[in-house]
1. State whether the residues of the stretch 286-301 include one that is crowded, with 18+ Cβ neighbours inside 10 Å, farther than 16 Å from L159 by Cβ and out of contact with any helix residue (DSSP H, G or I) (no Cβ under 7 Å at 6 or more places or on another chain).
2. Pairs needed: first member in the stretch 144-165, closer than 13 Å to K196 by Cα; second member anywhere, open to solvent by 10 Å² or more (accessible area, probe 1.4 Å) and basic (K, R); C-beta distance under 7 Å; at least 6 residues apart or different chains.
3. Scan the stretch 237-255 for residues that are over 22 Å from V41 (Cα atoms) and either aliphatic (A, V, I, L, M) or surrounded by fewer than 17 Cβ atoms within 10 Å (Cβ to Cβ) (or both) and jot them down.
4. Count, please, the residues in the stretch 140-150 that happen to be surrounded by fewer than 19 Cβ atoms within 10 Å (Cβ to Cβ), at negative phi and not in a strand (DSSP E or B).
5. Being modelled with pLDDT under 90, touching a strand residue (DSSP E or B) at 6+ places or on another chain (Cβ under 9 Å) and of a type in the set (V, I, T): is that true of T253 here?
6. In the stretch 202-214, what count of residues is obtained for those that are open to solvent by 20 Å² or more (accessible area, probe 1.4 Å) and assigned to a helix (DSSP H, G or I)?
7. Tally the residues that are in contact with a strand residue (DSSP E or B) (Cβ under 6 Å, 6 or more places away or on another chain), among the hydrophobic types (A, V, I, L, M, F, W, C) and either on the phi > 0 side of the Ramachandran plot or modelled with pLDDT of 85 or more (or both), restricting the search to the stretch 28-65.
8. Answer with yes or no whether Q153 is at pLDDT below 95, under 28 Å from A294 (Cα atoms) and open to solvent by 50 Å² or more (accessible area, probe 1.4 Å).
Amino acid sequence: MFRFKSIFLISLFCTAVLLTASCHHSTPQTTKHYAFTGRVVSIDAQSQTANIDGDMVQGYMEAMVMAYKIKPDSMLRQLNPGDSISADLIVVDHDPRDESAVPDYWLENVKVSGHARQPPAAGPKAMHMPAAGEDVPDFSFTNQDGKRISLAQYRGKVLFVTFIYTRCPFPDFCPRMSSNFSEIYKQVSSNPSLAKAQLLSVSFDPEHDTPKVLRDYGFHVAQTHDAALFRRWQFAAPKAEELPKIADFFALTIQPEGGMITHNLSTVVIGPDGKIVQWYHGGDWQVSDLIKDAAGASNPKA
């Protein structure tokens, strides 16, 4: 009897070990290291990231501008736009079957290898940087009501544009941009500087962000269910085949990864004449900055 109990307990223990190993095996993650070089485009102090024009990472990704966390945090304060750097790119890969896993990556062992007053271009694939006074192409989108709209219809008004996707889980990225736009929206009827202002949130996830999804998202971020919201603030998405041209013009980098989208931030103020008033790369801007831009665009002599 004692021998039978011992065998039973040993079997039970082995089963538990196997189940535990199986559980751990179901959501494995691996950490990969890559040699990285690039040039600092801008520093986003609010989100504690650096937007870096990275060279091709052999065996991992093409050259592109992306926002990177820097470790340790103290190193971020030593970087300046135009710095050429080398670093180790650390990428944490999760089991693709785990849809709740959020991809993670950062730079460490960062070394500054050169300085420049202006960030140098990265060859023929260098990203277009929107400049004040530049004409904005007449891009078109489908809005929250399923109607086609275009930037040309905003002529004669000041237009704030920011880029988001509704599933974004990072508080300092899309949710923060939408929160800032919500603060502006609350002032459109009372602030004279915003008398001619319109807001447009553009999703770069057209496959998921359908008109219904965008409509519900708009009500959520504006904290209202009054359809009058959309008279001043619209939510829209381009056709998938038109997205690359839009992303290129507005210096927007997008990379689907593990069910999520790795991206940077791009917000622009367009004047009544259809030209860029100001472009903000990253999230290091305040609501007051855009309101000031709107006032200047509406009263250029002032």
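The values are calculated or read from the model by the stated rules, or taken from the named source; none is laboratory data. It should be emphasised that the depicted structure is a prediction, and the values quoted were computed from it without experimental measurement. As a convention, Cβ positions derive from the backbone with ideal geometry for all residues, glycine included, and neighbour counts pool all protein chains shown. When the accessible area is computed, the model is the full protein with side chains, heavy atoms only, and any ligands, DNA or RNA have been set aside. Shrake-Rupley method; radii C 1.70, N 1.55, O 1.52, S 1.80 Å.
1. Checking the stretch 286-301: not a single residue is crowded, with 18+ Cβ neighbours inside 10 Å, farther than 16 Å from L159 by Cβ and out of contact with any helix residue (DSSP H, G or I) (no Cβ under 7 Å at 6 or more places or on another chain).
2. These pairs meet every condition: K157/K196; V158/K196.
3. Just the residues of the stretch 237-255 that are over 22 Å from V41 (Cα atoms), to begin with: 237-243.
Answer for the stretch 237-255, where residues must be over 22 Å from V41 (Cα atoms) and either aliphatic (A, V, I, L, M) or surrounded by fewer than 17 Cβ atoms within 10 Å (Cβ to Cβ) (or both): A237, K239, A240, E241, E242, L243.
4. Total satisfying the criteria: 2.
5. Values: modelled with pLDDT under 90: yes; touching a strand residue (DSSP E or B) at 6+ places or on another chain (Cβ under 9 Å): yes; of a type in the set (V, I, T): yes.
When the stated conditions are applied, T253 passes them.
6. First pass over the stretch 202-214, keeping only residues open to solvent by 20 Å² or more (accessible area, probe 1.4 Å): 206-208, 210-213.
Then keep just the ones that are assigned to a helix (DSSP H, G or I); that gives 211-213.
The qualifying residues number 3.
7. Residues in the stretch 28-65 being in contact with a strand residue (DSSP E or B) (Cβ under 6 Å, 6 or more places away or on another chain), among the hydrophobic types (A, V, I, L, M, F, W, C) and either on the phi > 0 side of the Ramachandran plot or modelled with pLDDT of 85 or more (or both): 5 in total.
8. On the way: at pLDDT below 95: no; under 28 Å from A294 (Cα atoms): yes; open to solvent by 50 Å² or more (accessible area, probe 1.4 Å): yes.
Considered against the rule, which asks whether it is at pLDDT below 95, under 28 Å from A294 (Cα atoms) and open to solvent by 50 Å² or more (accessible area, probe 1.4 Å), Q153 comes out as no.
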